[in-house]
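Novice: Sending over a structure as structure tokens; questions will come in a sec.
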Amino acid sequence: MPAATESELLTAVLNVCSSTDNKTRRERADSHRNVKRMADITTIKVRPSGPYLVSVPVEIQDADGNVIPLPEGKPMVALCRCGASTSKPFCDGTHSKIGFDAAAKAVPGSSPA
């Protein structure tokens, strides 16, 4: 089922509102839009000495800008962090076989590139 457009969602929210107060309707619609935006945020979870778990939807591109197809029907994809996966960029569990030991937290004083 295709996702509803923001206009369709706004219309639905306005139709559901029983109040005739336009300010209340606008506030409810704005609140609904903010919830929708939060649901669209991609999250990345770092697994201890394991892969990065990335929520979908997300688009992953290779070094040439080609889109890499994602496994279907999963709410998350696991991206290799150890460098030894045979199905890069996806994790295949090799990290557990090679004894991959990642830093538990970001290095203090480091900053994103």
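Novice: Only one of 72, 59 is without any contact (Cβ under 8 Å) to a residue 40 or more places away in the chain, under 13 Å from the mean Cα position of the chain (by Cα) and on the phi < 0 side of the Ramachandran plot. Can you tell me which?
Specialist: That would be 59, the only listed residue that is without any contact (Cβ under 8 Å) to a residue 40 or more places away in the chain, under 13 Å from the mean Cα position of the chain (by Cα) and on the phi < 0 side of the Ramachandran plot.
Novice: Looking at 96, 111, which is the one that is farther than 28 Å from residue 40 by Cα and not aliphatic (A, V, I, L, M)?
Specialist: 96
Novice: Assess whether residue 70 counts as being at pLDDT 90 or above and in a strand (DSSP E or B).
Specialist: No.
The values are calculated or read from the model by the stated rules, or taken from the named source; none is laboratory data. Predicted, not measured: the structure shown is a model, and the values here were computed from it. So basically every Cβ, Gly included, is an ideal-geometry build from the backbone, and we count neighbours across all protein chains shown.
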